[in-house]
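Take a look at the structure set out below.
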Amino acid sequence: MKIAIISALQKELDNYLTHIDHLEAHEAYGIAYWQGTYQTHDIIIAKCGVGKVNAAMTATLLGTMQPDLVINNGTAGAVDPDLKVGDVVIAMHTQYHDVDATAFGNALGQVDGMPERYPNATTYQESLKNAILDEVPEATVVTGTILSGDSFIADPEKVKAMRENFEDAECVEMESTAIGQVCYRMQLPFLCVRVISDTASQDADVLFDQFVAETGKVGASVIRKFLTVLQ
């Protein structure tokens, strides 16, 4: 298979670069990406940068390379109050929390003319969950909706509003829904996996700085484990 992997931050993809040999570095439109092979798969690993536009540009670039599966992994802030740093969320759907076209009859979070939320490929979710539990058996693994928007969330009131507006939301970040939208339009299977790095509350910036390197490492190791069983 040809697998495209997208992460926002260098700390979220360093684990790939140190554990996968003979990756060839490239750059296009300011997007850094690496190509090579791993566990019989052709892989493309890209650093998209933070935010929806950067994510969409990167997903479009990699989509033109016709991957069989696009994976977004990295870190996220917890919306579900039961989640703790180091827990893992597998998206069933991704959805914007900062889009409001309700005046035109759309649901909150829905871009006009697009689905309310973007589904993830269910075919791989059982093997993905098993790979996560093999790699980090102490982690809680949940499935649900992952929210995206162009703000780093560090406000308990905003988290409360997300829980009220998006009942099955597990965590929030800044890229995956844009990638999901591109994959929807390009008809590419999409998976999103996020490791909780902070609580998206008033201490989010402190927790993120403290844990992003470690949780980023966990996220990449989980995907590498998944690739060993992916057919």
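The values are calculated or read from the model by the stated rules, or taken from the named source; none is laboratory data. Since the structure is predicted, the reported quantities are computational estimates derived from the model, not experimental observations. Note that we place each Cβ from the backbone using ideal geometry, even for glycine, and neighbour counts take in every protein chain shown. All accessible areas refer to the heavy atoms of the entire protein, side chains included, with ligands and DNA or RNA removed. Shrake-Rupley method; radii C 1.70, N 1.55, O 1.52, S 1.80 Å.
Please go through segment 149-176 and give me each residue that is among the aliphatic types (A, V, I, L, M) and crowded, with 17+ Cβ neighbours inside 10 Å, ordered by number.
153, 154, 159, 162, 169, 172, 174
Just the residues that are in a strand (DSSP E or B) and open to solvent by 20 Å² or more (accessible area, probe 1.4 Å), please, taken from segment 111-122.
119
Can you tell me which residues in segment 57-89 are of a type in the set (Val, Ile, Thr) and either crowded, with 23+ Cβ neighbours inside 10 Å or over 21 Å from residue 12 (Cα atoms) (or both)? Let's see the steps before the verdict.
Filtering segment 57-89 for residues of a type in the set (Val, Ile, Thr) gives 58, 60, 64, 70-71, 75, 79, 85, 88-89.
Within segment 57-89, 58, 64, 70, 71, 75, 79, 88, 89 meet the criteria.
Just wondering, is there one or more residues in segment 96-110 that are of a type outside the set (Asp, Glu), under 20 Å from residue 13 (Cβ atoms) and open to solvent by 10 Å² or more (accessible area, probe 1.4 Å)?
Among the residues of segment 96-110, not one is of a type outside the set (Asp, Glu), under 20 Å from residue 13 (Cβ atoms) and open to solvent by 10 Å² or more (accessible area, probe 1.4 Å), which makes the answer no.
Rundown of residues vs (1) outside any helix (DSSP H, G or I); (2) of a type in the set (D, E, K, R); (3) touching a Gly at 6+ places or on another chain (Cβ under 7 Å); (4) open to solvent by 10 Å² or more (accessible area, probe 1.4 Å), yes/no style:
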| site | (1), (2), (3), (4) |
| --- | --- |
| 5 | yes, no, no, no |
| 13 | no, no, no, no |
| 17 | no, no, no, yes |
| 22 | yes, no, yes, yes |
| 26 | yes, no, no, yes |
| 37 | yes, no, no, yes |
| 42 | yes, yes, no, yes |
| 46 | yes, no, no, no |
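The rows are residues; the columns are (1) hydroxyl-bearing (Ser, Thr, Tyr); (2) not in a helix (DSSP H, G or I).
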| position | (1), (2) |
| --- | --- |
| 91 | no, yes |
| 108 | no, yes |
| 124 | yes, no |
| 133 | no, no |
| 152 | no, yes |
| 157 | no, no |
| 167 | no, yes |
| 179 | no, no |
